[in-house]
Amino acid sequence: MDNVAEIRTDHNADLVVEGIVVNQFQPRASLPQQVVKELRDEGLPVLDSHLSASVKIRESHAQARPMIHLDRNHKLAVEFTALYDELEKAAKARGKAAAKKRA
């Protein structure tokens, strides 16, 4: 989070961190779950949406096609959609809070 503070100071005073995106997540392995728990225990803003490890994302990159257009029903495409929805919800809540604060 020190890097975020530095970026705010040097480049963008309005920068808001919505949270940490857990990427290449393997839910059946215990270490990734432990790491996510430790991040949350430290009070870091870990988002609820996780992105799984998948070869399909490499195919998406190789074809220069967004994952959602390559296979919209693939587990990873669904996870990206959930991540978008979570971020959009947080941004709307932040906007409502700011409007309420101004009123």
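The values are calculated or read from the model by the stated rules, or taken from the named source; none is laboratory data. Quantities reported herein were computed from a predicted structural model and do not represent experimental measurements. Methodologically, a virtual Cβ is constructed for each residue, glycine included, from the backbone with ideal geometry; neighbour enumeration extends over all protein chains shown.
Each residue in the range 66-91 was checked for being of a type in the set (S, T, N, Q) and within 11 Å of the chain's Cα centre (by Cα), and 1 pass.
From the list Leu31, Leu15, Leu51, Leu39, which one is assigned to a strand (DSSP E or B) and either free of Cβ contacts under 8 Å to residues at least 60 places away in the same chain or not hydrophobic (A, V, I, L, M, F, W, C) (or both)? The conditions single out Leu51.
Contact annotation: residue pairs with Cβ atoms under 6 Å, 6 or more positions apart or on different chains, pairing a residue in the range 82-95 that is at negative phi with a partner that is surrounded by 11 or more Cβ atoms within 10 Å (Cβ to Cβ), are Ala82/Ser49; Leu83/Ser49; Glu86/Leu47; Glu86/Ser49; Leu87/Glu18; Ala90/Glu18.
Counting the residues of the range 17-28 that are surrounded by 11 or more Cβ atoms within 10 Å (Cβ to Cβ) and either hydrophobic (A, V, I, L, M, F, W, C) or out of contact with any strand residue (DSSP E or B) (no Cβ under 9 Å at 6 or more places or on another chain) (or both) gives 5. Among the candidates Ala82, Ala103, Ala97, Ala53, the residue that is among the small types (Gly, Ala, Ser), surrounded by 12 or more Cβ atoms within 10 Å (Cβ to Cβ) and modelled with pLDDT under 95 is uniquely Ala53.
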